[in-house]
Amino acid sequence: MTDDGSPTAELWCPSCFAPVGDATVCPSCGMADQHGVDAARLRIVVARIHDIASERAVLQAELDTLVRERHELFLRARPATGDDSSAPPSVARPEWRPERVRDVLLWLGALLLVIAAITFAAVAWTRLGPVGRAGILLGVTVASATLTRFVRPRLRPTAEALAAITVALALVDWGVAGGTALRGDLSGSGWWAIGLALVALLCAAVADRIDLTALRLGAAVLAPVAAVFGLVAWAPEPAVVVLTLAAITTAVVLVRAALRGRWTDLAPWLGALAVVGEVAVATGAVVVAIDDWAGPGRVGAALAILAVAVAPLVALRTARDAADPQLVAAITALALLGAGVTLLSGAVATHWLLAALAVGAVVLAAVGTLLPTSARTGVIGASCLAAIAPVASTAPNIAAAWIAPVGWLAHPWTLSLDAHLT
């Protein structure tokens, strides 16, 4: 509290905006001298830039509204002419800001450099020896990494583009090395699993020292891709593949929930990876269930279907801001019903299987009424969806039971009780 009784403002880092309290070094980004004169002035400058940007956005919105209103007033005030004056005003699209143009050009140049490196690796492969090829590619990669470190303090966007180029060149180097005797008897997918994991670890280690989003994104994206390549190299049973994909997707969700400090910028990217992984798990579960439907044991297929609900449940528990409770509840309910039906399919006939599905849908609907409002709609909706198959299978018999008595009305006095029995 201050002398006049007003609360004191909590000190925040001008670099990452994390609260620092009484610490002299930011616990999130490591910026030192938080209580110095330069840091205090930097807070004022950063806050003022934010205020000006917000005011500019408000003024731009007001300007667009006034221009549109002016056009409408002119249409009402001016006399009608032969042309179509009732057409809506065409609002000019705003031009790109210089920062956006700069970023587009930088990333376009980075993409062209990566394409040039791949082209060089393909063309020079037959013209240079192994030492020459490795030396040139490794030299270019080291030069790009060194230049990234050099320009980072003053030219951050350029450093971001160079960091992405360095990561791409490292992958090109690993791919070129895979074509030599260095790989040995290792399969291609196993080789790439090791390379992607090494590059991801390197990106994560360097990202703690250099504040670059490209390196953090490389670590977050390449790690699950390396796990997928390792799964391809392992080549287990299909049910194990689905379970492993579910474990990888769950790990992505957990990592997203554990992001702190500067790594929080990767939350949307990891969310997208989790969605892709969940789609892959669901697709694999359906394929496994179809392939294993004629087998005597369906435990693997049931576990594969049940694995569909693992990642959404973890997302609901750890990242409530990114998971829809109704959707998660629906996915979980359908996965439970699907696993149960898959297990019963090898032991009972089809009509009993449909009856079990109908009973399961009714039980889930009853349980859904006891759940919180956030999950109730999803469970009841999934129950109604699961009941479609039993209802559709019994619909012809129900229709016959209702329509058959109508045919008896044509001969009411000659009706026999077993006339329509077969």
In segment 159-198, the residues that are at pLDDT below 80 and not aliphatic (A, V, I, L, M): GLY179, THR180
Out of the residues in segment 29-67 that are over 28 Å from THR213 (Cα atoms) and surrounded by 11 or more Cβ atoms within 10 Å (Cβ to Cβ), state the one that is nearest to the chain's Cα centre (by Cα). GLN60
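Is segment 201-212 home to any residue that is of a type in the set (A, V, I, L, M) and at pLDDT below 85?
Scanning segment 201-212, I find at least one residue that is of a type in the set (A, V, I, L, M) and at pLDDT below 85, so the answer is yes.
Which residue out of ALA382, ALA386, ALA307 is modelled with pLDDT of 80 or more, surrounded by 18 or more Cβ atoms within 10 Å (Cβ to Cβ), under 21 Å from the mean Cα position of the chain (by Cα) and not acidic (Asp, Glu)?
Going through ALA382, ALA386, ALA307 in turn, the sole match is ALA307.
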Given (1) modelled with pLDDT of 90 or more; (2) assigned by TED's automatic domain parsing to the domain that holds THR166; (3) surrounded by fewer than 19 Cβ atoms within 10 Å (Cβ to Cβ), where does ALA247 come up short, assuming only one miss? (2)
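Test ALA355 against the criterion of being touching a helix residue (DSSP H, G or I) at 6+ places or on another chain (Cβ under 6 Å) and part of a helix (DSSP H, G or I), and give yes or no.
Values: touching a helix residue (DSSP H, G or I) at 6+ places or on another chain (Cβ under 6 Å): no; part of a helix (DSSP H, G or I): yes.
So ALA355 fails the test.
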For segment 102-221, list the helices (runs of 4 or more DSSP H) that sit wholly inside it and hold at least 1 residues that are within 25 Å of ARG256 (Cβ to Cβ) and among the basic types (Lys, Arg); which are they? 156-177
In segment 196-224, what count of residues is obtained for those that are within 15 Å of LEU266 (Cβ to Cβ) and surrounded by fewer than 17 Cβ atoms within 10 Å (Cβ to Cβ)? 1
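The values are calculated or read from the model by the stated rules, or taken from the named source; none is laboratory data. What you are looking at is a predicted structure, and each value in this text was computed from that prediction instead of being measured. Positions of Cβ are backbone-derived with ideal geometry, glycine not excepted, and every protein chain shown enters the neighbour counts.
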